[in-house]
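The values are calculated or read from the model by the stated rules, or taken from the named source; none is laboratory data. Bear in mind the structure is a predicted one, so any value in this text is a computation, not a measurement. Glycine also receives a Cβ, built like all others from the backbone with ideal geometry; neighbour counts cover every protein chain displayed. Side chains are part of the model used for accessible areas, which takes the heavy atoms of the whole protein and leaves out ligands, DNA and RNA. Shrake-Rupley method; radii C 1.70, N 1.55, O 1.52, S 1.80 Å.
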Amino acid sequence: MAQGQAGDYRILQEAALRDHLAGLPDIAALLGGEPAAWAITEVGDGNLNLVFIVKGTSGGIAVKQALPYVRLVGESWPLPLSRAHYEYLALSRQAQLAPGLVPALLHHNEVLALTVMELLEPHIIMRKGLVAGTQYPRFVDEITTFMARTLFHSSDLARTAAEKKEAIAAFAGNHALCKITEDLIFTDPYRIAEQNRWTAPYLDGLAASLRDDMELHVAVSRLKLKFMASPEALLHGDLHTGSIMVTESETRVIDPEFAFYGPMGFDVGAVLANLLMAYFASAGHERSPGERQAFESWVLETVEKVWIEFARKFIDLWRSEAGGDAYPISLFAGEKGAARLEIERQAYMQRLFTDTVGFAAAKTIRRIFGLAHNIDFELIEDPRKRAISEARAVRLARAMMVEAAAFRTIADVAGAARKLRDWQPELSS
């Protein structure tokens, strides 16, 4: 990791980036050829950063540089460059816990807030594939392995209290990005906020109803408190289908700059929320009735399998690799103790499932009424069709958040989504 003075930071455009990479012998050798001939393309389509693809005669790399502000908004919204440091820490830890499921790290410069990573090709952003109706048969196995291993092995079930507290401290400074989550997911969609937006005028009434719904406000506030006050495990912090790159045979998780220690259900809920949004958006991408039926069935099957496989793998890790200070094995000796601990494991997973359902709901609502939206909905050209798809998703999300007791199993969630597939909402116009 390169060192330097904070004042040395500068935004690297193509020429400066070329010079910087040329000064890194290992990177220059990987790319091959003369630096002047390297092809550099800025491809960042996210909300925060610059992202470049650099290709030489021998190979390619991906380069990410944090900007000192929110790219989506501009310089009026400053943001600490330190988020690049936390992303590097998270990727390093995730590579240890879930090898092969994140891009390889090749270089990090803390002063420039710049990270060089393995170029993932022919991978695409999963969200784009879902919009196109593509199915990914390896996704369930690989995303559940990633979540089970990163969450379990960073939790009190696997780590001593001292190790866990030191790890929490290492990520505690990433509070600026936590603040974005706290505002944009748990607060702004439920009040008048300058940066909120939605499919107007069709969802105007629904937006107003969210602002008046006190039961929903209580439910989302409870989730916000849990997000702020429950450092259960190291979270990716932004684990949506725009932060997952895929082929039909491989899954890689990218962009953990929101990483911090928080409630496990937030990560799992984010994955489920984005699958559910892909399901509801699918009708808006149909060119003929029933065209995407097989895809939609696959999405709901995937929703169910993600939770089932995650829970199975997490409990298997607890049974075989528990070394943390929580639930010390000395308290559960013999057959009687083992049986009672197994009952508690199931109860633990049920509580985690309830958290997951609530966080999935919050992640859904923010993508429809908050600042940053999903292309799943945004690429539906007809705004009325888009609003119908979004209203269906919101109806499910509200139920998941306020009527959480009605969702005891993941089949309950998938079944409720299926029932809303053709529901016709009353739009404002």
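Observations on the model:
- If you check 29, 15 for being out of contact with any Ser or Thr (no Cβ under 9 Å at 6 or more places or on another chain), assigned to a helix (DSSP H, G or I), over 30 Å from residue 195 (Cβ atoms) and open to solvent by 20 Å² or more (accessible area, probe 1.4 Å), only one passes: 15.
- Selection of first residues in the stretch 405-421 that are closer than 14 Å to residue 355 by Cβ and of second residues that are open to solvent by less than 40 Å² (accessible area, probe 1.4 Å) and polar (S, T, N, Q), restricted to Cβ pairs under 9 Å at least 6 apart or on distinct chains, gives the following pairs, ordered by first then second residue: 410/356.
- Meets criteria (β-branched (Val, Ile, Thr) and either more than 30 Å from residue 117 (Cβ to Cβ) or free of Cβ contacts under 8 Å to residues at least 12 places away in the same chain (or both)) for residue 253: no
- Taken over the stretch 215-258, the criterion of being in a helix (DSSP H, G or I), hydrophobic (A, V, I, L, M, F, W, C) and in contact with a helix residue (DSSP H, G or I) (Cβ under 8 Å, 6 or more places away or on another chain) is satisfied by 216, 219, 220, 223, 227, 228.
- Positions within the stretch 201-214 being in contact (Cβ under 8 Å) with a residue 60 or more places away in the chain and either among the small types (Gly, Ala, Ser) or in contact with a strand residue (DSSP E or B) (Cβ under 6 Å, 6 or more places away or on another chain) (or both), in sequence order: 205, 207
- Matching option when the condition is open to solvent by 20 Å² or more (accessible area, probe 1.4 Å) and free of Cβ contacts under 8 Å to residues at least 60 places away in the same chain, among 123, 85: 85
- Residue count for the stretch 264-284, restricted to those that are among the polar types (S, T, N, Q) and under 14 Å from residue 239 (Cβ atoms): 1
- Cβ separations smaller than 8 Å between residues 6+ apart or across chains give no pair from the stretch 159-174 residues that are farther than 15 Å from residue 262 by Cα and open to solvent by 50 Å² or more (accessible area, probe 1.4 Å) to residues that are hydrophobic (A, V, I, L, M, F, W, C) and modelled with pLDDT of 95 or more.
- Selected residue [at pLDDT below 95 and not β-branched (Val, Ile, Thr)] from 93, 127, 71, 83: 71
- Of all residues in the stretch 188-218 being of a type in the set (Gly, Ala, Ser) and open to solvent by 30 Å² or more (accessible area, probe 1.4 Å), the one that is nearest to residue 403 (Cα to Cα): 209
- Options 115, 134; residue that is surrounded by fewer than 21 Cβ atoms within 10 Å (Cβ to Cβ), among the polar types (S, T, N, Q) and either assigned to a loop (DSSP other than H, G, I, E, B) or at pLDDT 95 or above (or both): 134
- The set of residues from the stretch 341-363 being β-branched (Val, Ile, Thr), within 30 Å of residue 208 (Cα to Cα) and open to solvent by 10 Å² or more (accessible area, probe 1.4 Å) comprises just one member, 354.
- For residue 87, the stated conditions do not hold, so it cannot be described as over 18 Å from residue 257 (Cα atoms), of a type outside the set (Lys, Arg) and in contact with a strand residue (DSSP E or B) (Cβ under 8 Å, 6 or more places away or on another chain).
Each row is one residue, and each column tells you yes or no for (1) part of a helix (DSSP H, G or I); (2) at pLDDT below 95; (3) of a type in the set (D, E, K, R); (4) touching a helix residue (DSSP H, G or I) at 6+ places or on another chain (Cβ under 9 Å).
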| site | (1), (2), (3), (4) |
| --- | --- |
| 387 | yes, no, no, yes |
| 393 | yes, no, no, yes |
| 397 | yes, no, no, yes |
| 408 | no, no, yes, yes |
| 418 | yes, no, yes, yes |
| 427 | no, no, no, yes |
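- Residues being open to solvent by 60 Å² or more (accessible area, probe 1.4 Å), outside any helix (DSSP H, G or I) and without any contact (Cβ under 8 Å) to a residue 24 or more places away in the chain - total across the stretch 311-340: 1
- Within the set 104, 84, 98, the sole residue that is touching a Phe, Trp or Tyr at 6+ places or on another chain (Cβ under 6 Å), under 22 Å from residue 241 (Cα atoms) and not basic (Lys, Arg) turns out to be 98.
- Residue pairs meeting the criteria (Cβ under 9 Å; at least 6 apart or on separate chains; first farther than 13 Å from residue 60 by Cα, in the stretch 23-43; second open to solvent by 70 Å² or more (accessible area, probe 1.4 Å) and assigned to a helix (DSSP H, G or I)): 42/14
- The listed residue being of a type in the set (S, T, N, Q), open to solvent by less than 10 Å² (accessible area, probe 1.4 Å) and out of contact with any strand residue (DSSP E or B) (no Cβ under 8 Å at 6 or more places or on another chain), out of 241, 302, 251: 302
- If the condition is being part of a helix (DSSP H, G or I), out of contact with any helix residue (DSSP H, G or I) (no Cβ under 7 Å at 6 or more places or on another chain) and among the hydrophobic types (A, V, I, L, M, F, W, C), then the stretch 159-175 contributes 161, 162, 167, 168, 169.
- Count - residues of the stretch 176-187 that are open to solvent by 20 Å² or more (accessible area, probe 1.4 Å) and in a loop (DSSP other than H, G, I, E, B): 1
- Exactly one residue out of 283, 270 is in a helix (DSSP H, G or I) and within 14 Å of the chain's Cα centre (by Cα): that is 270.
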